Amino acid sequence: MDFKHITTTKGIGGRIKQFCEDFIVEEIGYTYSTNLTYLPDKKVSEINWKEVFEKKKDNDQLLVDMEKFNLSTTTAINEMSRFLRTSKKRFGYAGLKDKRAMTVQRISIYEPSEERLSKFYFKNIKIYNPSWSKNRVDIGDLKQNRFTLTFRKIQGLTKDELKELYLDFEKQINQQGLINYFGEQRFGGTRNITHKVGKLLLQHKYEEAVMMYLTEPQELESKELQEARAQLNKDRNFKKHAYDFPTGTGYERVMLNFLANNPDNYLGAFKALPKAIQYLFIHAYQSYLFNEIINERIKRGYGLEKIDGDVVVNGEIMIPLFGFSSKLQEGLAGEISHYILDKEGITLNDFYNKDHSVLSSKGDFRSIRVPVHDLRLISIEDDSKNQDGSLSLTLSFTLDKGNYATNLARELIKPEADDKRWC
(Lines give C-alpha, C1' and ligand atoms only; values in the text may rest on other atoms or scores of the structure.)
Protein backbone atom coordinates (compact mmCIF):
# COMPACT_ATOMS: atom_id res chain seq x y z
CA MET A 1 0.00 0.00 0.00
CA ASP A 2 1.48 3.32 -1.09
CA PHE A 3 1.06 6.29 1.25
CA LYS A 4 2.35 9.80 0.45
CA HIS A 5 3.29 12.49 2.97
CA ILE A 6 1.90 15.99 3.42
CA THR A 7 4.50 17.36 5.86
CA THR A 8 8.06 18.31 4.91
CA THR A 9 9.74 17.46 8.22
CA LYS A 10 12.34 14.72 8.34
CA GLY A 11 10.87 11.48 9.68
CA ILE A 12 11.75 10.67 13.29
CA GLY A 13 11.88 6.92 12.58
CA GLY A 14 11.05 4.43 15.30
CA ARG A 15 7.80 2.55 15.67
CA ILE A 16 4.42 2.54 17.38
CA LYS A 17 2.50 -0.31 19.02
CA GLN A 18 5.63 -2.07 20.25
CA PHE A 19 3.57 -2.57 23.39
CA CYS A 20 -0.23 -2.41 23.66
CA GLU A 21 -0.01 0.42 26.16
CA ASP A 22 1.77 2.53 23.50
CA PHE A 23 -1.55 3.01 21.70
CA ILE A 24 -4.42 4.32 23.82
CA VAL A 25 -7.87 5.12 22.44
CA GLU A 26 -10.64 6.85 24.38
CA GLU A 27 -14.09 7.31 22.86
CA ILE A 28 -15.97 10.61 22.76
CA GLY A 29 -19.68 10.44 21.99
CA TYR A 30 -22.19 13.23 21.46
CA THR A 31 -23.61 12.67 24.94
CA TYR A 32 -20.75 10.93 26.78
CA SER A 33 -16.98 10.75 27.09
CA THR A 34 -14.83 7.82 28.22
CA ASN A 35 -11.51 7.83 30.02
CA LEU A 36 -9.13 4.89 30.37
CA THR A 37 -9.16 4.21 34.12
CA TYR A 38 -8.14 0.66 35.05
CA LEU A 39 -5.93 -0.81 32.35
CA PRO A 40 -3.38 -2.23 32.33
CA ASP A 41 -3.28 -3.49 35.93
CA LYS A 42 -5.74 -1.70 38.27
CA LYS A 43 -8.62 -3.64 39.78
CA VAL A 44 -12.10 -2.36 38.93
CA SER A 45 -13.95 -0.90 41.88
CA GLU A 46 -16.60 -3.37 43.03
CA ILE A 47 -20.03 -2.73 41.53
CA ASN A 48 -23.20 -3.38 43.53
CA TRP A 49 -25.17 -4.94 40.71
CA LYS A 50 -28.25 -5.39 42.90
CA GLU A 51 -28.48 -1.61 43.33
CA VAL A 52 -27.85 -1.11 39.61
CA PHE A 53 -30.75 -3.39 38.67
CA GLU A 54 -33.04 -1.74 41.23
CA LYS A 55 -32.67 1.46 39.15
CA LYS A 56 -33.61 -0.32 35.92
CA LYS A 57 -37.30 0.70 35.91
CA ASP A 58 -38.68 0.33 32.37
CA ASN A 59 -35.30 0.58 30.62
CA ASP A 60 -33.90 -2.47 28.82
CA GLN A 61 -30.42 -1.33 27.73
CA LEU A 62 -27.56 -1.48 30.22
CA LEU A 63 -24.78 0.94 29.27
CA VAL A 64 -21.22 0.33 30.51
CA ASP A 65 -17.73 1.55 29.73
CA MET A 66 -15.65 -1.34 28.37
CA GLU A 67 -11.87 -1.28 28.52
CA LYS A 68 -9.97 -3.90 26.55
CA PHE A 69 -6.34 -4.89 26.15
CA ASN A 70 -4.95 -6.50 22.96
CA LEU A 71 -8.42 -7.50 21.77
CA SER A 72 -10.55 -6.32 18.88
CA THR A 73 -13.97 -4.92 19.75
CA THR A 74 -15.69 -7.91 18.14
CA THR A 75 -13.52 -10.40 20.04
CA ALA A 76 -14.17 -8.61 23.34
CA ILE A 77 -17.92 -8.69 22.73
CA ASN A 78 -17.73 -12.36 21.73
CA GLU A 79 -16.05 -13.13 25.05
CA MET A 80 -18.63 -11.11 27.00
CA SER A 81 -21.58 -12.70 25.20
CA ARG A 82 -20.18 -16.16 25.89
CA PHE A 83 -19.72 -15.42 29.61
CA LEU A 84 -23.08 -13.68 29.99
CA ARG A 85 -24.78 -16.45 27.99
CA THR A 86 -26.54 -14.01 25.72
CA SER A 87 -26.52 -13.31 21.97
CA LYS A 88 -23.91 -11.02 20.42
CA LYS A 89 -26.84 -9.27 18.72
CA ARG A 90 -27.84 -7.88 22.12
CA PHE A 91 -24.66 -5.78 22.26
CA GLY A 92 -24.40 -2.30 20.78
CA TYR A 93 -21.31 -0.17 20.19
CA ALA A 94 -20.49 3.07 18.40
CA GLY A 95 -17.26 2.03 16.69
CA LEU A 96 -14.60 -0.63 16.30
CA LYS A 97 -11.42 0.03 18.25
CA ASP A 98 -7.88 -1.13 17.46
CA LYS A 99 -6.84 -4.59 18.59
CA ARG A 100 -3.20 -3.98 19.55
CA ALA A 101 -4.01 -1.18 21.95
CA MET A 102 -5.60 -0.25 25.25
CA THR A 103 -9.02 1.19 24.48
CA VAL A 104 -12.19 2.25 26.24
CA GLN A 105 -15.63 2.63 24.67
CA ARG A 106 -19.27 2.83 25.65
CA ILE A 107 -21.32 -0.30 24.89
CA SER A 108 -24.88 -1.40 25.56
CA ILE A 109 -26.29 -4.81 26.52
CA TYR A 110 -29.96 -5.62 26.07
CA GLU A 111 -31.59 -7.19 29.13
CA PRO A 112 -28.45 -8.76 30.66
CA SER A 113 -28.52 -11.20 33.56
CA GLU A 114 -27.78 -9.62 36.94
CA GLU A 115 -26.38 -12.92 38.22
CA ARG A 116 -23.97 -13.39 35.30
CA LEU A 117 -22.84 -9.74 35.38
CA SER A 118 -22.03 -10.00 39.07
CA LYS A 119 -19.64 -12.86 38.25
CA PHE A 120 -18.15 -11.40 35.07
CA TYR A 121 -14.38 -11.61 34.80
CA PHE A 122 -12.09 -11.66 31.82
CA LYS A 123 -8.42 -10.82 32.16
CA ASN A 124 -8.22 -8.31 29.32
CA ILE A 125 -11.71 -6.77 29.63
CA LYS A 126 -12.95 -4.42 32.33
CA ILE A 127 -16.48 -3.01 32.58
CA TYR A 128 -17.73 -0.25 34.87
CA ASN A 129 -19.79 2.96 35.05
CA PRO A 130 -23.19 1.24 34.53
CA SER A 131 -26.40 3.11 33.73
CA TRP A 132 -29.75 2.31 32.13
CA SER A 133 -31.29 3.59 28.91
CA LYS A 134 -34.09 2.87 26.49
CA ASN A 135 -31.63 3.28 23.59
CA ARG A 136 -28.77 0.98 22.56
CA VAL A 137 -25.36 2.41 21.71
CA ASP A 138 -25.03 2.70 17.94
CA ILE A 139 -22.73 4.01 15.20
CA GLY A 140 -24.34 7.45 15.12
CA ASP A 141 -23.47 8.04 18.78
CA LEU A 142 -19.74 8.37 18.13
CA LYS A 143 -18.27 11.85 17.60
CA GLN A 144 -14.51 11.53 18.04
CA ASN A 145 -11.67 9.35 19.32
CA ARG A 146 -8.89 10.65 21.55
CA PHE A 147 -5.48 9.00 21.05
CA THR A 148 -2.34 8.86 23.16
CA LEU A 149 0.57 7.36 21.21
CA THR A 150 4.08 6.48 22.32
CA PHE A 151 6.75 6.20 19.63
CA ARG A 152 9.74 4.02 20.57
CA LYS A 153 13.18 3.05 19.25
CA ILE A 154 13.84 6.56 17.91
CA GLN A 155 17.55 6.64 17.11
CA GLY A 156 20.12 9.07 15.73
CA LEU A 157 18.57 12.16 17.35
CA THR A 158 19.20 14.06 20.56
CA LYS A 159 16.23 15.06 22.69
CA ASP A 160 16.58 18.67 21.53
CA GLU A 161 16.73 17.64 17.86
CA LEU A 162 13.69 15.40 18.29
CA LYS A 163 11.74 18.18 19.98
CA GLU A 164 12.63 20.63 17.21
CA LEU A 165 11.48 18.16 14.54
CA TYR A 166 8.26 17.48 16.41
CA LEU A 167 7.39 21.16 16.90
CA ASP A 168 7.84 21.85 13.17
CA PHE A 169 5.69 18.81 12.41
CA GLU A 170 2.99 19.99 14.85
CA LYS A 171 2.93 23.44 13.24
CA GLN A 172 2.43 21.97 9.76
CA ILE A 173 -0.29 19.57 10.90
CA ASN A 174 -2.17 22.37 12.69
CA GLN A 175 -2.02 24.46 9.51
CA GLN A 176 -3.04 21.87 6.92
CA GLY A 177 -4.36 18.74 8.64
CA LEU A 178 -3.68 15.22 7.38
CA ILE A 179 -4.29 13.33 4.17
CA ASN A 180 -7.51 11.45 4.90
CA TYR A 181 -6.18 8.05 3.86
CA PHE A 182 -7.80 4.87 5.03
CA GLY A 183 -5.16 3.31 7.28
CA GLU A 184 -3.45 -0.07 7.24
CA GLN A 185 -6.10 -1.58 9.52
CA ARG A 186 -8.64 -1.21 6.72
CA PHE A 187 -6.59 -3.54 4.52
CA GLY A 188 -5.86 -6.25 7.07
CA GLY A 189 -2.84 -4.68 8.77
CA THR A 190 0.51 -6.22 7.86
CA ARG A 191 -1.25 -9.01 5.96
CA ASN A 192 -2.63 -6.38 3.56
CA ILE A 193 -5.08 -8.57 1.62
CA THR A 194 -8.61 -7.52 2.63
CA HIS A 195 -9.01 -5.17 -0.35
CA LYS A 196 -7.57 -7.76 -2.74
CA VAL A 197 -10.15 -10.27 -1.55
CA GLY A 198 -12.81 -7.57 -1.94
CA LYS A 199 -11.89 -7.01 -5.57
CA LEU A 200 -12.18 -10.73 -6.31
CA LEU A 201 -15.61 -10.76 -4.68
CA LEU A 202 -16.73 -7.86 -6.88
CA GLN A 203 -15.59 -9.89 -9.88
CA HIS A 204 -17.58 -12.94 -8.63
CA LYS A 205 -14.34 -14.90 -8.31
CA TYR A 206 -15.47 -16.50 -5.08
CA GLU A 207 -13.13 -19.49 -5.09
CA GLU A 208 -10.06 -17.28 -5.68
CA ALA A 209 -11.25 -14.90 -2.96
CA VAL A 210 -11.70 -17.68 -0.41
CA MET A 211 -8.37 -19.30 -1.17
CA MET A 212 -6.54 -15.98 -1.02
CA TYR A 213 -8.05 -15.22 2.37
CA LEU A 214 -7.26 -18.67 3.73
CA THR A 215 -3.84 -19.30 2.21
CA GLU A 216 -2.08 -16.01 1.41
CA PRO A 217 0.98 -16.04 3.74
CA GLN A 218 2.41 -13.11 5.66
CA GLU A 219 5.99 -13.06 6.87
CA LEU A 220 5.15 -11.61 10.31
CA GLU A 221 2.71 -14.42 11.10
CA SER A 222 3.87 -17.39 13.14
CA LYS A 223 5.76 -20.10 11.28
CA GLU A 224 3.02 -22.55 12.27
CA LEU A 225 0.34 -20.43 10.59
CA GLN A 226 2.44 -19.85 7.48
CA GLU A 227 2.96 -23.59 7.13
CA ALA A 228 -0.74 -24.31 7.69
CA ARG A 229 -1.71 -21.84 4.97
CA ALA A 230 0.81 -23.39 2.56
CA GLN A 231 -0.43 -26.92 3.29
CA LEU A 232 -4.07 -25.90 2.82
CA ASN A 233 -3.20 -24.30 -0.50
CA LYS A 234 -1.54 -27.55 -1.55
CA ASP A 235 -4.08 -30.16 -0.42
CA ARG A 236 -7.37 -28.24 -0.05
CA ASN A 237 -8.40 -30.72 2.61
CA PHE A 238 -10.97 -28.50 4.30
CA LYS A 239 -12.11 -31.14 6.78
CA LYS A 240 -8.60 -31.78 8.04
CA HIS A 241 -7.71 -28.10 8.38
CA ALA A 242 -11.05 -27.21 9.98
CA TYR A 243 -9.89 -29.46 12.81
CA ASP A 244 -6.23 -28.50 13.14
CA PHE A 245 -5.85 -24.95 11.76
CA PRO A 246 -3.84 -22.86 14.27
CA THR A 247 -5.68 -21.07 17.05
CA GLY A 248 -6.21 -17.33 16.74
CA THR A 249 -7.66 -17.66 13.24
CA GLY A 250 -11.34 -17.56 14.12
CA TYR A 251 -12.72 -16.36 10.80
CA GLU A 252 -10.58 -18.77 8.81
CA ARG A 253 -11.94 -21.58 10.98
CA VAL A 254 -15.52 -20.45 10.37
CA MET A 255 -14.93 -20.68 6.63
CA LEU A 256 -13.10 -23.99 6.89
CA ASN A 257 -15.88 -25.51 8.98
CA PHE A 258 -18.41 -24.50 6.34
CA LEU A 259 -16.25 -25.77 3.46
CA ALA A 260 -15.65 -29.07 5.24
CA ASN A 261 -19.32 -29.88 4.60
CA ASN A 262 -19.81 -27.75 1.46
CA PRO A 263 -16.48 -27.98 -0.40
CA ASP A 264 -17.67 -26.28 -3.61
CA ASN A 265 -19.77 -23.49 -2.09
CA TYR A 266 -17.20 -20.70 -1.84
CA LEU A 267 -19.75 -17.87 -1.69
CA GLY A 268 -21.41 -19.77 1.16
CA ALA A 269 -18.11 -19.72 3.03
CA PHE A 270 -18.23 -15.91 3.01
CA LYS A 271 -21.90 -15.91 4.02
CA ALA A 272 -20.91 -18.00 7.06
CA LEU A 273 -18.92 -15.04 8.40
CA PRO A 274 -20.63 -12.39 10.56
CA LYS A 275 -22.22 -9.71 8.36
CA ALA A 276 -20.03 -7.02 9.90
CA ILE A 277 -16.99 -8.94 8.63
CA GLN A 278 -18.49 -9.61 5.19
CA TYR A 279 -18.94 -5.87 4.66
CA LEU A 280 -15.26 -5.24 5.35
CA PHE A 281 -14.01 -6.83 2.13
CA ILE A 282 -15.97 -4.60 -0.26
CA HIS A 283 -15.41 -1.54 1.89
CA ALA A 284 -11.68 -2.27 1.97
CA TYR A 285 -11.56 -2.27 -1.82
CA GLN A 286 -13.55 0.99 -1.94
CA SER A 287 -11.01 2.41 0.50
CA TYR A 288 -8.10 1.23 -1.62
CA LEU A 289 -9.53 3.00 -4.66
CA PHE A 290 -10.10 6.15 -2.58
CA ASN A 291 -6.45 6.13 -1.51
CA GLU A 292 -5.39 5.57 -5.13
CA ILE A 293 -7.34 8.65 -6.27
CA ILE A 294 -5.47 10.76 -3.73
CA ASN A 295 -2.12 9.27 -4.78
CA GLU A 296 -2.87 9.99 -8.44
CA ARG A 297 -3.69 13.62 -7.62
CA ILE A 298 -0.40 13.93 -5.75
CA LYS A 299 1.48 12.19 -8.59
CA ARG A 300 0.07 14.69 -11.09
CA GLY A 301 1.12 17.60 -8.88
CA TYR A 302 -2.32 18.70 -7.65
CA GLY A 303 -1.90 17.47 -4.10
CA LEU A 304 -4.88 18.17 -1.86
CA GLU A 305 -5.85 21.42 -3.58
CA LYS A 306 -9.12 21.96 -5.45
CA ILE A 307 -9.15 21.01 -9.13
CA ASP A 308 -11.76 21.32 -11.86
CA GLY A 309 -14.77 19.11 -11.18
CA ASP A 310 -14.18 18.60 -7.46
CA VAL A 311 -17.23 18.17 -5.25
CA VAL A 312 -16.97 20.61 -2.33
CA VAL A 313 -19.14 20.31 0.80
CA ASN A 314 -18.85 22.90 3.60
CA GLY A 315 -15.51 23.97 2.14
CA GLU A 316 -14.13 20.41 2.10
CA ILE A 317 -13.00 18.68 -1.10
CA MET A 318 -14.76 15.33 -1.36
CA ILE A 319 -13.43 12.19 -3.08
CA PRO A 320 -15.72 9.36 -4.23
CA LEU A 321 -16.04 6.03 -2.48
CA PHE A 322 -17.12 4.15 -5.59
CA GLY A 323 -20.40 2.26 -5.61
CA PHE A 324 -23.16 1.24 -8.01
CA SER A 325 -25.05 4.54 -7.45
CA SER A 326 -21.97 6.77 -7.74
CA LYS A 327 -22.06 9.72 -10.09
CA LEU A 328 -18.51 10.58 -11.08
CA GLN A 329 -17.28 14.16 -11.06
CA GLU A 330 -16.88 16.30 -14.15
CA GLY A 331 -13.66 17.85 -15.40
CA LEU A 332 -10.19 16.86 -14.24
CA ALA A 333 -11.46 15.27 -11.03
CA GLY A 334 -13.73 12.99 -13.05
CA GLU A 335 -10.90 12.15 -15.43
CA ILE A 336 -8.80 10.91 -12.51
CA SER A 337 -11.69 8.81 -11.16
CA HIS A 338 -12.23 7.21 -14.58
CA TYR A 339 -8.48 6.58 -14.87
CA ILE A 340 -8.36 4.70 -11.55
CA LEU A 341 -11.38 2.55 -12.41
CA ASP A 342 -9.99 1.73 -15.88
CA LYS A 343 -6.57 0.88 -14.45
CA GLU A 344 -8.22 -1.55 -12.01
CA GLY A 345 -10.50 -3.04 -14.66
CA ILE A 346 -13.58 -2.30 -12.52
CA THR A 347 -16.87 -0.58 -13.35
CA LEU A 348 -19.39 1.03 -11.03
CA ASN A 349 -21.87 -1.73 -11.88
CA ASP A 350 -19.47 -4.27 -10.36
CA PHE A 351 -20.39 -2.87 -6.94
CA TYR A 352 -23.87 -4.39 -7.29
CA ASN A 353 -23.85 -8.10 -6.44
CA LYS A 354 -26.99 -10.02 -7.39
CA ASP A 355 -25.66 -13.15 -5.69
CA HIS A 356 -25.39 -11.61 -2.22
CA SER A 357 -26.52 -8.07 -1.42
CA VAL A 358 -24.09 -7.75 1.50
CA LEU A 359 -21.30 -7.69 -1.09
CA SER A 360 -22.83 -4.60 -2.73
CA SER A 361 -22.30 -0.92 -2.02
CA LYS A 362 -24.11 2.21 -3.22
CA GLY A 363 -21.07 4.43 -2.81
CA ASP A 364 -20.46 7.71 -1.01
CA PHE A 365 -18.03 10.64 -0.74
CA ARG A 366 -15.30 11.29 1.84
CA SER A 367 -13.19 14.38 2.46
CA ILE A 368 -9.64 14.47 1.11
CA ARG A 369 -8.26 16.13 4.22
CA VAL A 370 -8.84 15.58 7.95
CA PRO A 371 -8.27 18.10 10.77
CA VAL A 372 -6.31 17.10 13.87
CA HIS A 373 -7.66 18.49 17.15
CA ASP A 374 -5.68 19.25 20.31
CA LEU A 375 -2.35 17.86 19.10
CA ARG A 376 0.20 18.19 21.88
CA LEU A 377 3.53 16.79 22.99
CA ILE A 378 3.44 14.97 26.32
CA SER A 379 7.05 13.84 26.74
CA ILE A 380 10.38 13.01 25.16
CA GLU A 381 12.40 10.53 27.23
CA ASP A 382 15.07 7.87 27.14
CA ASP A 383 13.34 4.69 25.95
CA SER A 384 13.45 2.76 29.21
CA LYS A 385 11.65 -0.27 27.77
CA ASN A 386 14.31 -0.90 25.12
CA GLN A 387 17.44 0.37 26.90
CA ASP A 388 19.40 0.57 23.65
CA GLY A 389 20.13 4.30 23.72
CA SER A 390 16.97 5.14 21.76
CA LEU A 391 14.36 7.76 22.65
CA SER A 392 10.60 7.61 23.11
CA LEU A 393 8.09 10.35 22.29
CA THR A 394 4.52 10.48 23.60
CA LEU A 395 1.83 12.74 22.16
CA SER A 396 -1.94 13.02 22.21
CA PHE A 397 -4.58 14.27 19.76
CA THR A 398 -8.24 13.86 18.81
CA LEU A 399 -9.72 12.83 15.47
CA ASP A 400 -13.28 12.88 14.21
CA LYS A 401 -14.85 9.44 13.82
CA GLY A 402 -13.79 7.37 10.83
CA ASN A 403 -10.27 8.81 10.76
CA TYR A 404 -7.06 6.87 11.40
CA ALA A 405 -4.45 7.68 14.03
CA THR A 406 -1.89 5.71 12.02
CA ASN A 407 -2.03 8.47 9.36
CA LEU A 408 -0.52 10.89 11.86
CA ALA A 409 1.95 8.29 13.13
CA ARG A 410 3.10 7.52 9.59
CA GLU A 411 3.54 11.24 8.83
CA LEU A 412 5.76 11.64 11.87
CA ILE A 413 7.80 8.43 11.43
CA LYS A 414 7.92 8.48 7.60
CA PRO A 415 8.76 4.75 7.34
CA GLU A 416 10.22 3.15 4.24
CA ALA A 417 7.54 1.80 1.89
CA ASP A 418 8.52 -1.84 2.53
CA ASP A 419 8.82 -1.46 6.33
CA LYS A 420 6.07 -3.62 7.81
CA ARG A 421 7.30 -3.34 11.40
CA TRP A 422 6.84 0.36 12.11
CA CYS A 423 3.18 -0.11 13.12
Rg and Dmax of the stretch 270-423, using alpha carbons, in Å: what are they? 19.2, 58
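Using alpha-carbon pairs under 8 Å, 6+ residues apart, how would you state the relative contact order of the chain in percent? Spell out each step's value before the answer.
On the way: 748 pairs, mean separation 90.6, N = 423.
Computed over the chain, the figure is 21 percent.
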Exposure ranking of Thr8, Thr86, Thr37 by accessible area [1.4 Å probe, largest first]: Thr8, Thr37, Thr86
By its C-alpha gyration tensor, with a ≥ b ≥ c as the square roots of the eigenvalues, how is the chain shaped: rounded for a/c under 1.5, else prolate for a/b larger than b/c, else oblate? rounded
With DNA, RNA and ligands ignored, accessible area of Ser357 (1.4 Å probe; Å², nearest 10): 90
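I'd like the GluC sites (Glu not before Pro) in the stretch 203-261 restricted to DSSP loop residues with at most 10 other Cβ atoms within 10 Å, sorted by number.
Qualifying residues, ordered by number: Glu219.
Go through Lys199/Lys414; Lys97/Lys134; Lys88/Lys134; Lys134/Lys196; Lys10/Lys126 and tell me which ones have a Cα-Cα distance over 30 Å in this structure. Intermediate values should be presented prior to the final figure.
On the way: Lys199/Lys414 28 Å; Lys97/Lys134 24 Å; Lys88/Lys134 18 Å; Lys134/Lys196 41 Å; Lys10/Lys126 40 Å.
Cα-Cα > 30 Å for Lys134/Lys196; Lys10/Lys126; rest within.
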Let me spell out the model: positive unit charges on the Cβ of Lys and Arg, negative unit charges on the Cβ of Asp and Glu, origin at the Cα centre of the chain. What dipole size does that give, in debye rounded to 20? 1120
Can you send over the solvent-accessible area of Val210, 1.4 Å probe, protein chains only, in Å² to the nearest 10? 0
With a ≥ b ≥ c the root eigenvalues of the C-alpha gyration tensor of the stretch 342-409, is it rounded (a/c under 1.5), prolate (a/b larger than b/c) or oblate? prolate
Projected onto the charge dipole of the chain (unit charges on the beta-carbon of Lys, Arg, Asp and Glu, signs +1, +1, -1, -1), the Cα from Ala101, Asn314, Met255 with the largest positive-side position is that of Met255
Only loop residues by DSSP count here, and only those with at most 10 other Cβ atoms within 10 Å; note down the GluC sites (Glu not before Pro) in the stretch 24-77 that meet that. Glu46
Where in the stretch 378-423 are there trypsin sites (Lys or Arg not before Pro) that are in a DSSP coil and have at most 16 other Cβ atoms within 10 angstrom of their Cβ? Lys385, Lys401, Lys420, Arg421
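Can you give the Kirkwood hydrodynamic radius of the stretch 166-234 from its Cα pairs, in Å with one decimal?
Working: mean 1/r = 0.0687 Å⁻¹.
Evaluated over the stretch 166-234, this radius sits at 14.6 Å.
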Highest-fluctuation residue, Leu63, Leu117, Leu399 considered, GNM on the chain with Cα pairs under 10 Å: Leu117
May I ask for the percentage of alpha-carbon pairs in the stretch 23-168 that lie more than 23 Å from each other? 40
What ranking, highest mean first, results for peptides 320-329, 16-25, 345-354 when packing means the other Cβ atoms within 10 Å averaged over each residue? 16-25, 320-329, 345-354
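In square angstrom, what is the accessible area per residue of the stretch 39-111 with a 1.4 angstrom probe?
Here the residues of the stretch 39-111 average 52 Å² of exposed surface.
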Glu316/Lys10 FRET efficiency (R0 41 Å; Cβ-Cβ; nearest 0.05): 0.90
Bins of 10 Å, beginning at zero and ending with the bin holding the largest distance: percent of Cα pairs per bin for the stretch 1-108, please. 12, 34, 33, 13, 6, 3
Translational D in µm²/s for the stretch 91-222 (Stokes-Einstein at 37 °C, 0.692 mPa s, Kirkwood Rh from C-alpha pairs): 164
Please give the charge dipole size of the stretch 133-252, origin at the Cα centre, charges +1 on K and R Cβ atoms and -1 on D and E Cβ atoms. Round to the nearest 20 debye. 360
Taking every pair of alpha-carbon atoms in the stretch 197-286, what share in percent sits in each 5 Å bin, from 0 to the bin with the longest distance? 3, 14, 26, 26, 19, 10, 1
Taking the chain as a Gaussian network, where each spring joins two C-alpha atoms under 10 Å apart, which residue of Ala228, Ala94, Ala284 fluctuates the most? Ala228
Exceeding the 27 Å Cα-Cα cut-off - candidates Lys68/Lys159; Lys56/Lys275; Lys43/Lys401; Lys99/Lys205; Lys234/Lys271; Lys17/Lys362: Lys68/Lys159; Lys56/Lys275; Lys43/Lys401; Lys99/Lys205; Lys17/Lys362
Fluctuation leader among Lys89, Lys199, Lys97 - the chain, Gaussian network, Cα springs under 10 angstrom: Lys89
Measure of exposure for Tyr206: accessible area at 1.4 Å probe, Å² rounded to 10, is 30
Cross-link candidates for Lys343: which aspartates and glutamates have Cα within less than 18 Å, leaving aside residues fewer than 8 places away along the same chain? Asp2, Glu292, Glu296, Glu335
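The values are calculated or read from the model by the stated rules, or taken from the named source; none is laboratory data. Only a predicted model underlies this, so the values are computations on that prediction, with no experimental measurement involved. Note: ideal-geometry Cβ built from the backbone for every residue, glycine included; neighbour counts use all protein chains shown. Surface areas here come from the heavy atoms of the whole protein model, side chains and all, with no ligands, DNA or RNA. Shrake-Rupley method; radii C 1.70, N 1.55, O 1.52, S 1.80 Å.
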